[in-house]
Every structure is written in C-alpha cells, then in structure tokens.
1. For region 149-180, which residues satisfy the criterion of being among the small types (Gly, Ala, Ser) and within 16 Å of the ligand (Cβ to nearest atom)?
2. Restricted to region 325-354, and to residues that are of a type in the set (Asp, Glu) and surrounded by 14 or more Cβ atoms within 10 Å (Cβ to Cβ), which residue is farthest from the ligand (Cβ to nearest atom)?
3. Quick one: is Ala228 of a type in the set (Gly, Ala, Ser) and either surrounded by fewer than 23 Cβ atoms within 10 Å (Cβ to Cβ) or assigned to a helix (DSSP H, G or I) (or both)?
4. Within region 251-269, how many residues are part of a strand (DSSP E or B) and surrounded by fewer than 19 Cβ atoms within 10 Å (Cβ to Cβ)?
5. Select from region 73-83 the residues that are open to solvent by 10 Å² or more (accessible area, probe 1.4 Å) and either over 18 Å from Glu137 (Cα atoms) or more than 16 Å from the ligand (Cβ to nearest atom) (or both) and list them in ascending order.
6. All but one of (1) within 14 Å of the ligand (Cβ to nearest atom); (2) on the phi < 0 side of the Ramachandran plot; (3) in contact with a Lys or Arg (Cβ under 9 Å, 6 or more places away or on another chain) hold for Ser357; state the number of the condition that does not hold.
7. How many residues does region 355-369 contain that are small (Gly, Ala, Ser) and either surrounded by 14 or more Cβ atoms within 10 Å (Cβ to Cβ) or in contact with a Cys (Cβ under 8 Å, 6 or more places away or on another chain) (or both)?
8. Kindly establish whether Arg381 is modelled with pLDDT of 95 or more, over 30 Å from Leu234 (Cα atoms) and assigned by TED's automatic domain parsing to the domain that holds Ala135.
Amino acid sequence: MPPIETQISALLPALTTLRHELHQRPELGFEEYETQRRVTDYLRTLGYDPQPCAKTGVIADLNPGRGGRCVALRADMDCLPMQETTDLPYRSVLEGRAHKCGHDGHTAALLGTASILAEMREEIDGNVRLIFQPAEEGVDGGGARVMVEEAALDGVDEIYAFHNWPGFSRGVAHVCAGPIMASVHDLVFEIHGVGGHASQPQVTRDPVVAGAALITALQSVVSRNISATDAAVLSICTFQGGEANNVIPAHARLTGTLRTFDSDVAEQIVDRIRAICGGIAGGYDVRIEPEIEALYPVLINHADCAEAVREVACSILGPKNVTEEGLPLAAAEDFGRFTERVPGAYFFLGAGENADSPGCHHPDFDFDDQLLPMAMRLFVRLVENRVGLRP
Ligand code: NI
C-alpha cells in the first residue's frame, strides 16, 4: 500500500474537481438526490455497499460484519437557500441555492477518506461507518434525527465530524471537551389584539405596542435570570405587523432564536419566556401565543473522544496548531443528535487567511480546498487510533 501522503496527492486533483462540481449544483436539505447519487457511485467504485438513509443520505461500512470496534465519520451534504455572489468558475448555477457553509468540502473530504480507508481495508481491525448526512441546516428538524431513527448508529462505538471555520486561522484545529456548540430553540410569538384607526387607539388593543414591550421584557431573561457562569443568547430578529401608517393592526408576529450550552439553562429560559408572554398579554390586554421549538440540542464532545482528536491533531499539525480557543461557538449543529446516543467529538479546522475572510453563511464564502488533505489525514489517523490496526 502506498504511503498516505502519496495516496492523498494522487487523490487530490479529482477530489477537488468533485468538490467544485458539488459546489456548482448545490441541493437543499432532504433534496440532495444528485449528491446522494454521486456519493453512492463514488463509494461503489471503492468496493463499498452504500445504502440510502434519511431519504437523501448515505451510509456505508468499510468492513461490515467484522468484529472489533466501529467508528463512524460523518459529513453533511446540504446547501443553504441563498444566492451565490462570487465569480468563481464553479459558482452555483442554481438560483437561490449555494454551498455557503462548505458542506461540499465536508462531503469531498469524507469521500477522499473513504478512498484511503478502502486501501487499508484488510489492515483495519474493525469497522468504519461513513455517514453522509442530509439536511444539517435545519429543514424539518434536521437530518441527524432521522438518521438516528433509521438506525444509522447501530453498532457504532464512537462518531467524529469536522466543520471548516474561516473565523479560525488556516491549519489550526479547534477542539474541546464538553459543550462545543449551542442548543437552538426557534421562537415565534403571535400577538393577537384588536385593530382599528390609528387616531382612535382607545378602541383598539394594539399588538405593536405589546410586541415592543415583549421584546424589551425578554432582554431581562439572560441579564436577570441566568447566572454569570452560564451563557445564553436570546435574540428577537423579526417584528412584523401592520401595513399602513394609519391603521393599528390586529396582529403582530415576532421571531427569534435562543442559544444555550446547557439543557437546564435552556429549560429555565423557556419557562421565563412563557411567563413573560403571560404577563405582557395580561398587561396589554392582547393574546400572545409563543411557539417555542427545540431545534438542536447542545453539541457535547465526550472527553475521551475530544482528547483523541486533540492527540491526533497534535501529531499531524503540531501542538501549536491545536487549541480550545474560541470555543464553544454559539452556532449550532445537529451532530449533537449523534453524540446524545454514542460518544463522539466534533472539531473545527480553521480556514481563515485573515480577519476579513468571509465566514460560513456569507454570500462570498467558499470552502478552502487546502483543508481537504488536512481533514483526510485527521480522519484516517483517528480511525487508526480508535479502531486500531491488525498486528
Ligand atoms: Ni455547516
């Protein structure tokens, strides 16, 4: 078997092309049919028996039925519903769809890893499950939940995944034990009042004024109810109500998001939000219906697994290039659905050239292809460490 570096060099040109082709034809959550087909075809040529999972996802085992440990590696595949603004030769050709989180790169990196592992198949003293997940960006509650329901983790001992992150310097791995990304609750507040002429507010029950009071009152939750040693973000991001400047509307709607790093803190905040809605509704004589949906749990890295990532990253990148700095992030990820079930760890690979590098979800963002070999090395070494090699 050729050394891993030789294999990576040989794979990179085609893998980079594949990444660009995925970038050009991005697909939204649970619509990744073309991506699923490409992943499936690629894995078949390597001798895997890939199976569909969670509608548009794919799972494949390196050594099905072989005893020993089983480590899962996961990549997400979906794009975002946004417009590409770059003039890249491989920019998205599909209106309102773009790979602006780099999931095209995650998919390509895991396919490259699959290729190297296929060469090592006999040598590996156990199994590796490759998990290509649809719908990480939140469509219908996310793809991880469905994959877990469809038994994607059966027989899996540990699971790992990475995300590119332009906010961190290129070539630096960021990993920590414990919470690494936040939980998310989606918040919607429907405020029902009584509309009327703007000149006669005394005969209305104004949902706009009640909405303004609600936004202000919600600011007290994190600042007054949560301990200084806990962290949470509660943001109200939209406020819609009315259409004319002389009509008090009957209805207003607020939406926002809640992020925490601890499920007890999240529960406490949700209780406070409901209580405040009741108080504002009573005080302003309107009806407020809060819809609070727990979208993703806190993503918690298991200590052993985070340590394994740290060790492997230190050996590949050098200890100077492995850090906990900047963690946890208040962004969210449904990888936490996997680590709720089995031990695992999530890590970031820095992709930033400087502080101005467009971040994930920015219209000018593009996955940094220099991360492909780095991610492949890390994944393969993790497998060697956590599954083991035959003597
Ligand atoms: Ni992402």
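The values are calculated or read from the model by the stated rules, or taken from the named source; none is laboratory data. In this text the structure is predicted, and so the values were computed from the model without any measurement. For neighbour counting, all protein chains shown are included, and Cβ atoms are generated from backbone atoms with ideal geometry for every residue, glycine included. Note: accessible area is taken over every heavy atom of the protein model, side chains too, but ligands, DNA and RNA are not part of it. Shrake-Rupley method; radii C 1.70, N 1.55, O 1.52, S 1.80 Å.
1. First, the residues of region 149-180 that are among the small types (Gly, Ala, Ser): 151-152, 155, 161, 167, 169, 171, 173, 177-178.
Within region 149-180, Ala161, Gly167 qualify.
2. Glu340
3. Here the answer is yes, as Ala228 does meet what is asked.
4. Of the residues in region 251-269, 4 are part of a strand (DSSP E or B) and surrounded by fewer than 19 Cβ atoms within 10 Å (Cβ to Cβ).
5. Within region 73-83, Gln83 is the sole residue that qualifies.
6. For Ser357, the exception is condition (1).
7. 2
8. The answer is yes for Arg381.
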